[in-house]
1. Determine the pairs where a residue that is touching a residue at least 24 places away in the same chain (Cβ under 8 Å), located within the range 68-85, has a partner that is surrounded by 13 or more Cβ atoms within 10 Å (Cβ to Cβ) and of a type in the set (S, T, N, Q) with Cβ atoms under 7 Å apart, the partner being 6 or more residues away or on another chain.
2. Would you check if Leu32 is in a helix (DSSP H, G or I), surrounded by 12 or more Cβ atoms within 10 Å (Cβ to Cβ) and touching a residue at least 60 places away in the same chain (Cβ under 8 Å)?
3. Just checking, how many residues over the range 53-100 are part of a helix (DSSP H, G or I) and modelled with pLDDT of 95 or more?
4. Within the bounds of the range 48-71, is there any residue that is out of contact with any helix residue (DSSP H, G or I) (no Cβ under 9 Å at 6 or more places or on another chain) and among the β-branched types (Val, Ile, Thr)?
5. Filter the range 40-55 down to the residues that are within 16 Å of Ile69 (Cβ to Cβ) and among the hydrophobic types (A, V, I, L, M, F, W, C), then identify the one that is surrounded by the most Cβ atoms within 10 Å (Cβ to Cβ).
6. Which of the residues spanning the range 1-18 are in a loop (DSSP other than H, G, I, E, B), under 17 Å from Lys33 (Cα atoms) and not charged (D, E, K, R)?
Amino acid sequence: MSSIAVKLPLMYDSDGGYQMLRTLASTAHQNLKMLILTEPGERIMIPEYGVGLKRYLFENSHSGIESDISSKIHEQVRRYMPYIKIRHIAFDQQEIDRGILQMRINYSIPKLNFNSQLDIST
C-alpha cells in the first residue's frame, strides 16, 4: 500500500524508514491536530495559520474561554480544512479550573463518509 504522508512525531518503522500515514482519514486527523496545536506565526509563509491554544492557557479562566477556543477552532477549520465538519467540541471544566485544557472534538469528513474524534490535552 502506498503512503500519503509522514506520521508525526517522526518515528522509525521496522524497515529503518519513517512511519507513514496510509489513509486520507488518518492524514486529515493528523492535520487537524496540527492545526489546533500550531501557534499563529509559527508557520512563516502562513502566519495566521493555527488556533494558538497556548495563549489560552495563560489567560485567567473565564466563562467565555470555551466559546473563544471553539470559535477559533471553527474559524481555522473553515479556512484551512473546509473538507472537515466540526460536529461538537466538549471541554472538561474541572481540568480548566485546574489550569489544564482538555477537550474532545467530534468531527466528520463527509466526502469520505468518515466520523471520528480528536482528544487534546495541554
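1. Final answer for the pair search is Met81/Asn31; Lys85/Ser108.
2. Working: in a helix (DSSP H, G or I): yes; surrounded by 12 or more Cβ atoms within 10 Å (Cβ to Cβ): yes; touching a residue at least 60 places away in the same chain (Cβ under 8 Å): yes.
So Leu32 passes the test.
3. Final tally of qualifying residues: 11.
4. Checking the range 48-71: not a single residue is out of contact with any helix residue (DSSP H, G or I) (no Cβ under 9 Å at 6 or more places or on another chain) and among the β-branched types (Val, Ile, Thr).
5. To start, the set of residues in the range 40-55 that are within 16 Å of Ile69 (Cβ to Cβ) comprises 40, 50-55.
Applying the additional criterion that residues be among the hydrophobic types (A, V, I, L, M, F, W, C) yields 51, 53.
Working: Val51: 21, Leu53: 18.
If we take residues in the range 40-55 being within 16 Å of Ile69 (Cβ to Cβ) and among the hydrophobic types (A, V, I, L, M, F, W, C), then Val51 is surrounded by the most Cβ atoms within 10 Å (Cβ to Cβ).
6. We begin by selecting, within the range 1-18, every residue in a loop (DSSP other than H, G, I, E, B); these are 1-4, 7-11, 13-17.
Of the ones still in play, those that are also under 17 Å from Lys33 (Cα atoms) are 4, 7-10.
Hits for the range 1-18 are Ile4, Leu8, Pro9, Leu10.
The values are calculated or read from the model by the stated rules, or taken from the named source; none is laboratory data. In this text, all values refer to a predicted model and were calculated from it rather than measured experimentally. All Cβ positions, even for glycine, are placed from backbone atoms using ideal geometry, and neighbour counts span all protein chains on display.
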